[in-house]
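Have a look at this one.
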Amino acid sequence: MESIKILGGQSLKGSIPISGAKNAALPLMVLGLLTDEPLVLEGIPNVTDTHSMRHILEGIGTSVQHFSKRFVLQTHHTTSLQASYDDVRKMRASFLVLGAMLGRFGLGQVSLPGGCVIGVRPINYHLEGFKALGALIDTSNGDIIAKAPSGRLPGGHYTFPKPTVTGSQNVIFAAVLAKGESRLDNVAIEPEITDVITCLQKMGAKIEGKGTSTLHIQGVDALSGTQHAVLPDRIEMGTYMVAAALTRGDLIIEGGDLALLPHVVECLEQSGSTITELGHNRIRIQGHDRPQPFHLSTAPYPGFPTDLQAQFMTLAALADGESTIVENIWENRFMHVAELARMGASITLDHHCATIQGKPHLTGAHVMATDLRASVGLVLAALVAHGETTIHRIYHLDRGYEVLERKLQNCGAIIHRIGSQEEFMTDQHDGVSAVAS
Ligand code: EPU
């Protein structure tokens with residue numbers, strides 16, 4: 001199993017290009033199921049989640065060709081209207097194919113996703129939404145089977161009890177090809193959803209209310225192909241901004257959009273960083289002294305994103321005073337706390353609230369990645385820690401960060417990947433000998 005080694009203490013300087021957003025790319029790829037014409041997507045990030053989505057779509061019958069980050073998807077006919085447990089287990093976003101299959105083919109079967117490390121992650125609102133549009137839902141051997149009784153959904157009205165990102169996308173996918181009209185209330189308004197709606201509109205979908213929490217959707221008989229560029233990844237951008245703040249660095253972030261991170265910018269400025277918009281989607285961020293403490297609560301967009309909580313926990317661990325972080329989206333998204341403690345962080349947890357007493361420095365250690373964002377929080381900690389850190393189970397990182405090591409190396413970080421379990425064992429052995437001697 002691969003690991004990453006980082007020798008901390010370098011101040012990052014240089015420029016970092018932002019990749020296409022993973023959480024927009026995944027639902028955009030699913031749109032390939034909604035038309036028989038080619039859908040051309042530019043800027044699909046080369047991460048394992050997009051590889052997994054490609055595999056699932058090919059299993060359903062979509063032809064997927066790619067030329068670097070340009071994907072051409074086309075679904076003339078299906079070979080199987082099914083996504084198996086193995087697919088859904090690897091990546092919960094694969095559940096998105098159910099709404100698209102139901103919308104276009106009137107039938108779909110997807111394994112019921114289980115819990116996951118950051119929380120239970122139910123799908124009840126996805127299913128209630130499908131039912132409100134007229135679908136029949138059944139379960140069989142752990143699979144959800146969704147069916148339009150007369151081959152095509154009539155459409156209907158659904159109010160999401162709380163905003164859900166993939167839930168909103170799934171129900172929108174089912175509604176765009178319905179026979180009639182649908183109204184969806186309390187829809188999530190994350191920029192990734194807006195990006196998906198923009199692409200759907202280019203394909204001919206009749207959707208009113210983009211960017212708001214109420215959508216009116218008039219079903220159409222067929223959608224056409226189109227060409228669309230994936231939104232830049234605001235979470236990747238926020239991650240590298242924290243890297244600059246922590247290492248007292250000076251980074252130019254290329255291709256991101258600051259407007260998509262309102263609370264994040266506020267929090268970074270409050271903690272002492274200087275952020276300057278340079279125009280043409282270029283942003284400069286400079287970290288100066290030790291970060292000042294701050295208080296944040298995660299919330300649906302436009303609130304503070306849960307997907308940046310772990311990164312800001314690392315910033316708080318080094319702040320000059322006490323910070324608090326409240327996690328309101330996922331009940332178990334504090335797995336990085338124990339690992340940060342191994343590096344010397346002082347964090348106490350009380351249900352969904354973390355209180356962090358900032359320390360002047362952290363020290364390198366062996367730590368374990370537990371999920372995508374927790375892993376990158378550890379990378380950030382390692383960049384400033386005294387000494388060397390080894391991060392294990394980094395396949396989590398590869399799910400969502402494109403060429404992370406290269407981007408950081410180009411700015412002066414001392415980071416490299418070690419390949420095999422054997423190297424890890426040798427490495428640990430060396431570590432033990434070094435201590436013994
Ligand atoms: N929820 C329900 N019932 C549902 C759906 C959601 O109770 O049917 C609850 C969840 O338990 C949670 C809240 O609603 O408390 C919000 O969950 P949401 O459905 O919005 O999350 P998601 O769609 O499964 C997406 C991102 C996550 C991100 C969340 C919140 C994708 C592929 N995933 O997940 O991204 O944390 O929205 O913004 O878009 C990541 O990239 O690391 C990641 C986990």
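The values are calculated or read from the model by the stated rules, or taken from the named source; none is laboratory data. Keep in mind it's a predicted model, so treat the numbers as computed, not measured. Don't worry about glycine lacking a Cβ; one is built from the backbone with ideal geometry, like all the others, and counts go over all protein chains shown. Surface accessibility is based on the protein's heavy atoms, side chains included, excluding ligands, DNA and RNA. Shrake-Rupley method; radii C 1.70, N 1.55, O 1.52, S 1.80 Å.
May I ask you to say which residue of 88, 30 is β-branched (Val, Ile, Thr), modelled with pLDDT of 95 or more and part of a helix (DSSP H, G or I)? It would help to see each step written out before you state the result.
Numbers: 88 fails: modelled with pLDDT of 95 or more.
The match here is 30.
Is it true that some residue in segment 137-152 is near the ligand (Cβ under 10 Å from one of its atoms), crowded, with 18+ Cβ neighbours inside 10 Å and outside any helix (DSSP H, G or I)?
Quick first cut of segment 137-152, residues near the ligand (Cβ under 10 Å from one of its atoms) only: none.
Within segment 137-152, not a single residue is near the ligand (Cβ under 10 Å from one of its atoms), crowded, with 18+ Cβ neighbours inside 10 Å and outside any helix (DSSP H, G or I).
If you don't mind, another one. For segment 249-295, what are the residues that are among the aliphatic types (A, V, I, L, M) and surrounded by 14 or more Cβ atoms within 10 Å (Cβ to Cβ)?
Residues of segment 249-295 among the aliphatic types (A, V, I, L, M): 251-253, 258-261, 264-265, 268, 275, 278, 283, 285.
Within segment 249-295, 251, 252, 253, 258, 260, 261, 264, 265, 268, 275, 283, 285 meet the criteria.
Any residue at all in segment 63-80 that's out of contact with any Ser or Thr (no Cβ under 6 Å at 6 or more places or on another chain), assigned to a helix (DSSP H, G or I) and buried (at least 19 other Cβ atoms within 10 Å of the Cβ)? Reasoning before the result, please.
Kept after step one, since they are out of contact with any Ser or Thr (no Cβ under 6 Å at 6 or more places or on another chain), are these residues of segment 63-80: 63-72, 76-80.
Filter once more, keeping what is assigned to a helix (DSSP H, G or I): none.
Looking for residues that are out of contact with any Ser or Thr (no Cβ under 6 Å at 6 or more places or on another chain), assigned to a helix (DSSP H, G or I) and buried (at least 19 other Cβ atoms within 10 Å of the Cβ), one finds none in segment 63-80, hence no.
Take the residues in segment 305-328 that are surrounded by fewer than 23 Cβ atoms within 10 Å (Cβ to Cβ) and assigned to a strand (DSSP E or B); name whichever of them is nearest to the chain's Cα centre (by Cα).
Among them, the one singled out is 326.
If you don't mind, another one. Looking at 127, 41 in this structure, which one is more than 17 Å from the chain's Cα centre (by Cα), within 12 Å of the ligand (Cβ to nearest atom) and either assigned to a helix (DSSP H, G or I) or over 17 Å from residue 165 (Cβ atoms) (or both)? Let's see the steps before the verdict.
Working: 41 fails: within 12 Å of the ligand (Cβ to nearest atom).
Going through 127, 41 in turn, the sole match is 127.
With the requirement that a residue be open to solvent by 10 Å² or more (accessible area, probe 1.4 Å) and under 26 Å from residue 305 (Cα atoms), what does segment 155-168 give you? Show your work before the answer.
Filtering segment 155-168 down to residues open to solvent by 10 Å² or more (accessible area, probe 1.4 Å) leaves 155-159, 161-166.
Those that are open to solvent by 10 Å² or more (accessible area, probe 1.4 Å) and under 26 Å from residue 305 (Cα atoms): 158, 159, 161, 162, 163, 164, 165, 166.
In the set 331, 327, 402, which member is modelled with pLDDT under 95, charged (D, E, K, R), within 16 Å of the ligand (Cβ to nearest atom) and under 30 Å from residue 20 (Cα atoms)?
Values: 327 fails: modelled with pLDDT under 95; 402 fails: modelled with pLDDT under 95.
Testing whether each residue is modelled with pLDDT under 95, charged (D, E, K, R), within 16 Å of the ligand (Cβ to nearest atom) and under 30 Å from residue 20 (Cα atoms) leaves just 331.
Scan segment 290-324 residue by residue and report those that are polar (S, T, N, Q) and within 10 Å of the ligand (Cβ to nearest atom).
First, pick out the residues of segment 290-324 that are polar (S, T, N, Q): 292, 297-298, 306, 309, 311, 314, 323-324.
Across segment 290-324, the qualifying residues are 298, 306, 309.
Given the structure, is residue 48 in the same structural domain as residue 102 (by TED's automatic domain parsing), at negative phi, at pLDDT below 95 and more than 15 Å from the ligand (Cβ to nearest atom)?
no
What are the pairs, 6+ residues apart or on separate chains, where a residue within segment 6-23 that is closer than 15 Å to residue 283 by Cβ has its Cβ under 7 Å from a residue that is away from the ligand (no atom under 16 Å from the Cβ) and of a type in the set (Lys, Arg)?
16/407
Right, another one. For the subset of segment 386-399 comprising residues that are crowded, with 24+ Cβ neighbours inside 10 Å and away from the ligand (no atom under 15 Å from the Cβ), which member is farthest from the chain's Cα centre (by Cα)?
Step by step, filter segment 386-399, then rank; the result is 389.
Among (1) closer than 28 Å to residue 180 by Cα; (2) within 16 Å of the ligand (Cβ to nearest atom); (3) out of contact with any strand residue (DSSP E or B) (no Cβ under 6 Å at 6 or more places or on another chain), there is one condition residue 103 misses while meeting the rest; what is its number?
Going through the list (1) closer than 28 Å to residue 180 by Cα; (2) within 16 Å of the ligand (Cβ to nearest atom); (3) out of contact with any strand residue (DSSP E or B) (no Cβ under 6 Å at 6 or more places or on another chain), residue 103 breaks only (2).
Which residues, taken from segment 339-352, are away from the ligand (no atom under 16 Å from the Cβ) and within 22 Å of the chain's Cα centre (by Cα)?
The answer is 339, 340.
Just checking, how many residues over segment 43-53 are touching a Phe, Trp or Tyr at 6+ places or on another chain (Cβ under 8 Å) and open to solvent by 10 Å² or more (accessible area, probe 1.4 Å)? Break it down stepwise before answering.
Looking only at segment 43-53, we keep the residues that are touching a Phe, Trp or Tyr at 6+ places or on another chain (Cβ under 8 Å), and these are 44, 47-48.
Right, trim to open to solvent by 10 Å² or more (accessible area, probe 1.4 Å) and you get 48.
Number of matching residues: 1.
I'd like to know if segment 347-355 contains one or more residues that are touching a Lys or Arg at 6+ places or on another chain (Cβ under 9 Å), in a strand (DSSP E or B) and surrounded by fewer than 17 Cβ atoms within 10 Å (Cβ to Cβ).
Checked segment 347-355: no residue is touching a Lys or Arg at 6+ places or on another chain (Cβ under 9 Å), in a strand (DSSP E or B) and surrounded by fewer than 17 Cβ atoms within 10 Å (Cβ to Cβ).
Can I ask one more? Return the residues of segment 169-225 that are part of a strand (DSSP E or B) and either without any contact (Cβ under 8 Å) to a residue 12 or more places away in the chain or surrounded by fewer than 21 Cβ atoms within 10 Å (Cβ to Cβ) (or both); say none if nothing qualifies.
Kept after step one, since they are part of a strand (DSSP E or B), are these residues of segment 169-225: 181-185, 206-208, 215-218.
Selection gives 181, 183, 185, 206, 207, 208, 216, 218.
Being within 26 Å of residue 397 (Cα to Cα) and more than 16 Å from the ligand (Cβ to nearest atom) is the filter; apply it to segment 81-100 and report the residue that is surrounded by the fewest Cβ atoms within 10 Å (Cβ to Cβ). Before the answer, list the steps.
Applying the first criterion (within 26 Å of residue 397 (Cα to Cα)) to segment 81-100 yields 83-97.
Next, only the ones that are more than 16 Å from the ligand (Cβ to nearest atom) stay: 84-86.
On the way: 84: 15, 85: 15, 86: 11.
Looking at residues that are within 26 Å of residue 397 (Cα to Cα) and more than 16 Å from the ligand (Cβ to nearest atom), I get 86.
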